[in-house]
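Asker: This is the structure I have questions about; it appears just below.
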């Protein structure tokens, strides 16, 4: 199912939602531009040599000379995760669980504290479909959540959900050297907030039925509830895998959004789904 738009108009221009979308798209374009300059290829050998001379083993992170499907180089760790030559920005500022938990910024290094990759990774994407898909969801659901929180609170909510989402994925694979990138964990928190605040809102959705595509207005509580269940099932099926989609980041971000919507919403905005469940329980 692919959502196209919801039926609720925001009361104010969603300045923060639009800003986040623009920032993510600009960073993705910058990834493509700066990747053609290949600065990693200028300093990788020196950094790697200094690391090995210090008595360390071959760093279990990226090697720009190693690409998907290629054989490992002599002395290269079996956990090395190859990337394309032009993904150097992603290589440096992605969140790598083994690196982050170890507190060591393995080559190639970055000029900022390693813990900042918990946030920088939220603004990086691996492909054009990756970034466009994430921004579509943010555009559809972000404006109303921002409306319910205000722009500054929405930004903090977004970043906190993204950080919790990343930590959730780290908890599943603490020794992984696979890069974690993408805004989907933060956006999962936005989806959860929408799920709680506007459960009865209709979302125009493309649903494939055999060889045909149909536009159907689906209540948000069913669409987003189904989305969350799919993430949980997919995450359970991915346990033990070395790469792919960070399903547990989606799960962690969504759960964070379910909880954080309460303190981050404006006081005059009701948490509709929670209130409905409480009234139903009281009647019983």
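Every number in this text was worked out from the coordinates using simple rules, so none of it is lab data. Only a predicted model underlies this, so the values are computations on that prediction, with no experimental measurement involved. Please note: Cβ atoms are built from the backbone with ideal geometry, for glycine as well, and neighbour counts cover all protein chains shown.
Asker: How would you rank 122, 27, 209, 4, going from fewest to most other Cβ atoms within 10 Å of each one's own Cβ?
Answerer: 209, 4, 27, 122
Asker: Mind jotting down a quarter of the surface of the convex hull over the alpha carbons of region 105-255, in square nanometres, one decimal?
Answerer: 10.3
Asker: Can you list the residues of region 167-197 with backbone N under 19 Å from a point 7 Å past the Cα of residue 262, pointing along Cα to Cβ?
Answerer: Inside the label zone: 189-197.
Asker: Give, in whole angstrom and from largest to smallest, the semi-axes √(5λ) of the equivalent ellipsoid of region 177-284, with λ running over the eigenvalues of the Cα gyration tensor.
Answerer: 27, 21, 13
Asker: At what distance in nm do the modelled label points of residue 30 and residue 156 sit from each other, each positioned 7 Å from its Cα along Cα→Cβ?
Answerer: 2.5
Asker: Arrange the following residues from fewest to most other Cβ atoms within 10 Å of their Cβ: 239, 136.
Answerer: Result, fewest neighbours first: 239, 136.
Asker: Which ordering of 153, 265 is given by a fewest-first count of other beta-carbon atoms within 10 Å?
Answerer: So the residues, fewest neighbours to most, are 153, 265.
Asker: Still on this structure: Considering the Cα trace of region 155-237, what is its radius of gyration and what is Dmax, both in angstroms?
Answerer: 15.3, 43
Asker: Between residue 11 and residue 119, take the C-beta separation as r, use R0 = 35 Å, and let me know the FRET efficiency to the nearest 0.05.
Answerer: That pair, residue 11 with residue 119, gives E of 0.75.
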